1. Considering only residues that are in contact (Cβ under 8 Å) with a residue 24 or more places away in the chain, out of contact with any helix residue (DSSP H, G or I) (no Cβ under 7 Å at 6 or more places or on another chain) and not in a helix (DSSP H, G or I), which ones fall in segment 395-418?
2. Give the residues of segment 185-196 that are part of a helix (DSSP H, G or I) and under 30 Å from VAL41 (Cβ atoms), sorted by residue number.
3. Using beta carbons and a limit of 9 Å, which pairs, at least six apart or on different chains, have the first residue in segment 332-344 and within 21 Å of TYR302 (Cα to Cα) and the second one surrounded by fewer than 18 Cβ atoms within 10 Å (Cβ to Cβ)?
4. Would you tally the residues in segment 81-120 being open to solvent by less than 80 Å² (accessible area, probe 1.4 Å), over 36 Å from the mean Cα position of the chain (by Cα) and polar (S, T, N, Q)?
5. Step by step: first the residues of segment 399-414, then only those that are open to solvent by 70 Å² or more (accessible area, probe 1.4 Å) and at pLDDT 95 or above, then the one that is nearest to CYS355 (Cα to Cα). Which residue is that?
6. What pairs can you find where one residue is in segment 307-324 and in contact (Cβ under 8 Å) with a residue 60 or more places away in the chain, the other is open to solvent by 100 Å² or more (accessible area, probe 1.4 Å) and outside any loop (DSSP other than H, G, I, E, B), and their Cβ atoms are less than 9 Å apart, with a gap of 6+ or different chains?
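The values are calculated or read from the model by the stated rules, or taken from the named source; none is laboratory data. Note that this is a predicted model, so its numbers are computed, not measured. Every residue, glycine among them, receives a Cβ derived from its backbone with ideal geometry; neighbour counts consider all protein chains shown. Accessible surface areas use protein heavy atoms only, side chains included; no ligands, DNA or RNA. Shrake-Rupley method; radii C 1.70, N 1.55, O 1.52, S 1.80 Å.
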Amino acid sequence: MKNGQKTAIIAEKVNLQYDGYKMELPIQDIENRLWYADGQVCFLRGIPGMGKTRTALEYCNRHPESLYFYFQHLDTAFAPVIFSNRYPEIFGSCNDWQSFFSALKTYTKEKCPTIFFDRVGNLKVQDSFYTELGEFIKASSSYNVIFVGRPWDKIPLSCTDIEVESMTMPKIADLYSLKDETAAEIISLTAGIPALLSAYDLEKSFEENVRAMLRIDSVFYRLAPEWMNECFRTPESYNTLLYGMAQGKNRISELSAFSGYPKNKCDKYIKALMEHGLVRREDGKNGHSKYFPANNYLSLWYGALFTAVPNADGSFREETFRVFLDYFNRTVLKDFYRQLCIHWLKNNLNHKTSCYIHTDDLSNYDIEIGGVHFDFAAVTDTGYYAYFDSVLGEGLTSQLWKEIDFVTTQHRPFYKNEYYLLTVNRVPDSFWTLSKQYDNVHIIQRKTLFAEFKKDYNRIAHPKFVPSFVGRIHKNTKTAGAGRFRHPLIFLMCFWGGRF
């Protein structure tokens, strides 16, 4: 890895409870990356809840020569005294950074440690810590320095970024042998954040897990406000904008009207929220940007918990539980399944067309024709219409098809249209009959959506590459009886001179 290069670690092993066994954090991934690193200074970074500190501590447990220093709540000038007390056999009684790094230089002559500096966001660029560390790096070589912090922390030294990323739905389904639908619910609830996944118990139902999380002392409830308090001295104004986004006010003009803030103030606050990983931007039609909470967890928290009042014992009323589940199903989980539908459409539509359809063109999405909403519509010589049935429990209906048929045949005959009905619900028999009767009506079921969504992951995680001619060889050798190349592997070894 070269200086300035960014790599990624998927936080794939988290404390998701499963039969009482807790999976490990991705220590091995970090070990492998450090082993092959050209640059010796790295920045392990990620949003709150990603398990960075626990990863660093566990790494030090496995490698006793490593050192760990935590800057949270410490004055930078006083930190060398605290750090020296942690490792007195190495640092003695250092009281400034110059003597601290001098002692560290002596230690690295005997050992080759990995040195973690955690919560570096509290440091100022001009602090003497960075000056003395820079001199230490120039004078020594037998070490690895790893800063641990947030993506928005500023490191004034050249370093390799190691990005800790959240879990994905295919990964969690594979790692814990879950049904796709179960993995989709868990990822939609937790956004794949390890701190939230660690609170999820697979031995309990989804509803039971939600009830356990709807308490003011749960990590699910505390993570969002702690994140906000860490980033902003007065988070109230920022909370208002996030709440508005969760309520469907996603443009600057809508957020301004919702909050009462001037547009320029909204723009300034949103930029700050984006910088701290709390908001994401999507380019909308005609160049109008839309803003959303950065992940599913934040959408849920601001959409269903922000205004909820807890009981005296820290729990929430049954009404809050019902509101939470309704928001989850109709907004968060719906959006997850909608993304599955879009993914399938982009990867498959042009395989079935005689001309190229621009599936990346935002103007083709969310089209209303004659009062009927289509998730995708594009017209060339043929009309291409896609409808996403992405809310669990709703489903396709005969009335819906009548409306689709009516509005799409006003200016073009039925046979000149292609219809794609993507659904996460059970397909009614009448629709199967329709798709068998007309070859321009295509029904894509939930299992097909999941299979397409997981294809890239499975290609990497479970490679099954076999040269096409091996099957033919194997078939021929089975019928050939005894012979030198009865087993295809033996044939390949001989073909390549016994070397791979």
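1. Passing the criteria: GLY395, THR397, GLN410, ARG412, GLU418.
2. If the condition is that a residue be part of a helix (DSSP H, G or I) and under 30 Å from VAL41 (Cβ atoms), then PRO194, ALA195 are the ones that fit.
3. Taking only residues 6 or more apart or on different chains, the pairs are LEU333/VAL391; LEU333/LEU392; LYS334/VAL391; LYS334/LEU392; TYR337/VAL391; TYR337/LEU392.
4. Number satisfying all stated conditions: 5.
5. Narrowing segment 399-414 to residues open to solvent by 70 Å² or more (accessible area, probe 1.4 Å): 399, 402-403, 406, 410-411.
Narrowing the set further to residues that are at pLDDT 95 or above leaves 399, 402-403, 406.
Working: GLN399: 31, LYS402: 27, GLU403: 27, PHE406: 25 Å.
Among those residues, the one meeting the criterion is PHE406.
6. Close Cβ pairs (under 9 Å, with a partner that is open to solvent by 100 Å² or more (accessible area, probe 1.4 Å) and outside any loop (DSSP other than H, G, I, E, B)) amount to SER315/ARG211; PHE316/ARG211; PHE321/ARG211.
Every residue, every condition in (1) open to solvent by 40 Å² or more (accessible area, probe 1.4 Å); (2) among the acidic types (Asp, Glu); (3) modelled with pLDDT under 90; (4) within 21 Å of CYS42 (Cα to Cα), yes or no:
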{"site": "SER66", "(1), (2), (3), (4)": "no, no, no, yes"}
{"site": "TYR70", "(1), (2), (3), (4)": "yes, no, no, yes"}
{"site": "LEU123", "(1), (2), (3), (4)": "no, no, yes, yes"}
{"site": "SER128", "(1), (2), (3), (4)": "yes, no, no, yes"}
{"site": "ALA139", "(1), (2), (3), (4)": "yes, no, yes, yes"}
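Table: residues versus (1) closer than 30 Å to CYS231 by Cβ; (2) in contact (Cβ under 8 Å) with a residue 24 or more places away in the chain.
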{"position": "PRO80", "(1), (2)": "yes, no"}
{"position": "ASN85", "(1), (2)": "no, no"}
{"position": "GLU89", "(1), (2)": "no, no"}
{"position": "SER93", "(1), (2)": "no, no"}
{"position": "GLN98", "(1), (2)": "no, yes"}
{"position": "PHE101", "(1), (2)": "no, yes"}
{"position": "LYS109", "(1), (2)": "no, yes"}
{"position": "THR114", "(1), (2)": "yes, yes"}
{"position": "PHE117", "(1), (2)": "yes, yes"}
